[in-house]
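Read the structure below first, then the notes.
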Amino acid sequence: MSNNRRPAYATIAIIAVVIIATAAVILWFKPSNDVSSASIKSSVSDNETNESVTTELAAGQVVKATTTPSQSQFVTGLENLPRSLKGTQIDGEIIIDENKQLVVTEGLRRLFDYFLSALGEEEEAVIFARVESYIRHHTPEPAASQAVTIFNQYVAYLKALPEIEKRYGNLQLQATKSGELDLNAVAQQKQDITNLRQQYFDKPTITAFFGAEDDYDNYSIEMVRIGQNKQMSDAQKQAARQDYISRLPENATKSNIMQQANISELLTRTEQMKARGATPEELYNMRRELVGAPAAERLAQVDQEDANFDQRFTQYETQKNLLLSQGVDVAQAQIQINQLEQQLFDDTERKRLDGYAALQRQQAVNNP
């Protein structure tokens, strides 16, 4: 079983806000490259990508894996894995050149994240001993010691990062409440993070660990910048977005960003077409043009599932309100409501009911 979990150390609390606008479907296409100072997970292969390492790591403290008292319990680093890692495929990679020198890749960071994701289940000293044992068991010198050094630098960086996030958190909250993101604050935060990285890593490591992530951040910020430009018409904004994407270097990041741009248009056009009563076939044809047949088929299936859920939810609300209006004993009414939930919904769907009901009430307020 592969492991697709990724930490939440938020490269940037920045994009936490930016991504809200396009979050849902983007997850299908964007590689899980986002990490956050939180539980951190990753694998030796091409697996994709939030919890909080910061709750376990004291800011500014560097723990040397070479001095951990628990190291003797490991040989390969994979003994007695914590529950969250059992049955998962190790995410990440350790690559060396012909001279046994370490080649730093984004996959090395994913490997660190994979083991660090167990913070909370295992003590820091145990995790650090596990990581060093894993590295030294699978890697010759001098690459092994080079990887251990970078791991210590990475942990120190994660510990220092929350201070920056804390510094800018309120600014971002104020900006989102006003309806727009403060791009000047975002730019300054990104610069502070860049400066922090330079304190811990050399340039090749920064590029390998954070390059793709920065490309996504820059793209997201530019899309917000264009969207907030009140001097541009919708057509001009769309042209500006396309121009920005066209000037990106040809690589996997650009390919994924282009798909995301299609997703943004997909969401807009889907909403417009549904509002005017488009048929399922018309929706499918539009989606196929933008994101391809497989995604269009998945979306059609989601539409059917949503319609089915809506129908059952309406039935549930009607019968529940009837039970509550009959003036029967509250405890007895709740028993009957629970039975109704079990009849109409599976375990996963029942977890959605309270949130879905709240959403329906909010929509009723917004669209009286």
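In segment 241-260, the qualifying residues are those that are closer than 17 Å to Gly227 by Cβ and open to solvent by less than 30 Å² (accessible area, probe 1.4 Å), and the one that is farthest from the chain's Cα centre (by Cα) is Ile245.
Inspection of segment 287-299 finds a residue satisfying the criterion of being within 22 Å of Ala261 (Cβ to Cβ), of a type in the set (D, E, K, R) and open to solvent by less than 50 Å² (accessible area, probe 1.4 Å). Give me the helices (runs of 4 or more DSSP H) completely within segment 274-357, filtered to those with at least 2 residues that are among the charged types (D, E, K, R), ordered by residue number. Helices (runs of 4 or more DSSP H) meeting the threshold: 280-291, 293-325. In the list Asp192, Asp215, which residue meets the criterion of being assigned to a helix (DSSP H, G or I), more than 30 Å from Gln301 (Cα to Cα) and either aliphatic (A, V, I, L, M) or at pLDDT below 90 (or both)? Answer to the check: Asp215.
Restricting attention to segment 312-338, the residues that are of a type outside the set (Asp, Glu), over 15 Å from Ala357 (Cα atoms) and over 36 Å from the mean Cα position of the chain (by Cα) add up to 14. Looking across segment 301-349, just one residue is open to solvent by less than 60 Å² (accessible area, probe 1.4 Å) and of a type in the set (Ser, Thr, Tyr), and that is Tyr316. Scanning segment 161-168 turns up at least one residue that is closer than 22 Å to Arg110 by Cβ, modelled with pLDDT of 85 or more and part of a helix (DSSP H, G or I). Residue count for segment 73-118, restricted to those that are at pLDDT below 95 and on the phi > 0 side of the Ramachandran plot: 4.
Would you point out which residue out of Asn218, Asn184, Asn195 is surrounded by fewer than 20 Cβ atoms within 10 Å (Cβ to Cβ), within 20 Å of the chain's Cα centre (by Cα) and more than 25 Å from Leu85 (Cα to Cα)? Asn218 is the lone residue from the list that is surrounded by fewer than 20 Cβ atoms within 10 Å (Cβ to Cβ), within 20 Å of the chain's Cα centre (by Cα) and more than 25 Å from Leu85 (Cα to Cα).
Selection over segment 93-134 of residues that are of a type in the set (S, T, N, Q) and assigned to a helix (DSSP H, G or I) gives a count of 1.
The values are calculated or read from the model by the stated rules, or taken from the named source; none is laboratory data. All figures in this text were calculated on a predicted structure; none of them were measured in a lab. So basically every Cβ, Gly included, is an ideal-geometry build from the backbone, and we count neighbours across all protein chains shown. Just the protein is used for accessible areas: all its heavy atoms, side chains included, with ligands, DNA and RNA removed. Shrake-Rupley method; radii C 1.70, N 1.55, O 1.52, S 1.80 Å.
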